[in-house]
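The values are calculated or read from the model by the stated rules, or taken from the named source; none is laboratory data. Just so we're clear, the structure is a prediction, and the values are computed from it rather than from any experiment. Positions of Cβ are generated from backbone atoms using ideal geometry, with glycine treated the same way; all protein chains shown enter the neighbour counts. Ligands, DNA and RNA are stripped out before the accessible areas are found, and what is left, the full protein with its side chains, is counted by its heavy atoms. Shrake-Rupley method; radii C 1.70, N 1.55, O 1.52, S 1.80 Å.
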Amino acid sequence: GESSVPVTIRPAPTGVPIDMPVDVSYDYPPGTEMRYDLAVTQDIEYEVSGDASFLTSTPDPLPEEGRVTSRARTEIVYDVADSSTDEAATIAISASFAQPETNAFADGEPLDPEIYDELTRALAEIQPIEFTVGVNDRNAVLTSGGLGGLDVLSGEVGALTNLSNNQISRPIGPVFPESRTLRSGDRWAFETTREAADDPVVVTTDYEVVALTEIEGRPHLTISSVTRTDGFELDFSDIFRSLFAGFAAGENDVPIEEADLEAFSDVVFAIGVEPSMGTAESLFDVERRHVVSSEQQSTVRTRWLLQTPDGTTGEPSGFELTLDIDRRAEFRRLGA
């Protein structure tokens with residue numbers, strides 16, 4: 001079913017209410033950088049069923065269930081390309097999270113960080129952000145590039161935590177309506193479609209101006225949003241079969257027997273992402289045309305299935321990993 005996140009709206013910042021519409025747009029000057037202090041909390045509950053030895057390079061059994069909470073603080077940088085214009089700004093977004101503070105439990109017992117199993121270590125990481133996006137002055141995404149199928153494979157388990165509707169890997173702040181005019185109480189929706197292997201994935205965000213106030217002599221908008229993302233499936237079986245075939249051939253590139261090739265045809269590796277939901281609240285400086293601060297939360301459930309033929313019986317053998325991922329992020333503009 002669809003995960004749900006309670007929508008909690010903080011009191012609007014202290015300021016003088018403004019009872020008139022304001023014109024809104026973003027300013028992304030070419031060749032400039034925007035920096036935000038970013039605090040992230042990532043809470044992951046997991047269950048493993050089947051033969052979990054696929055998830056580890058050691059003979060030690062993995063726990064059947066657990067929880068890993070990670071917290072980290074860093075700077076997130078939005079680097080605006082020299083070629084950017086008001087109609088299309090190209091922005092490189094980057095952040096890394098070295099040594100997050102973590103707490104972990106496995107099968108109901110707390111874990112010592114010194115003896116984390118491989119799965120816990122992978123889930124304790126907060127994946128770095130390396131993302132390039134093109135947007136207009138409404139903050140609507142025109143082009144994007146970042147996490148893809150092969151990135152998930154190379155990033156192992158940890159990369160799965162990025163397969164959600166969280167808005168960290170895109171320019172911070174709401175997408176304004178085409179009118180570019182807002183007043184307190186206004187509501188609007190924005191829908192995008194992401195290409196997928198089977199059906200397109202629809203992402204819908206509902207916005208509301210919670211308050212329009214004067215702060216430090218300038219108008220500011222407090223805008224809340226709820227984002228819903230369709231569920232989708234990612235099937236990496238063909239890629240995984242090629243990898244298995246390559247391993248079987250060995251370093252000397254020995255031809256693979258027909259029977260072995262047939263066995264590889266039964267390899268299954270798939271990821272399912274259930275319908276998910278995220279919320280956000282942002283404070284936007286109308287005159288300076290940027291977000292001052294933002295708080296975001298997203299939650300998503302993913303399932304990871306891997307099956308290969310048993311070497312003795314030929315029957316399918318593997319595991320299923322279920323992750324419930326909750327991420328909260330707080331942004332504060334620096335140097336502005």
Label point distance in nm, Asp86-Ser179, each placed 7 Å from Cα along Cα→Cβ:
2.0
Can you send over the solvent-accessible area of Glu87, 1.4 Å probe, protein chains only, in Å² to the nearest 10?
130
Could I have the simple spin-label model distance between Ile115 and Glu101, label points 7 Å from Cα toward Cβ, reported in nm to one decimal?
2.4
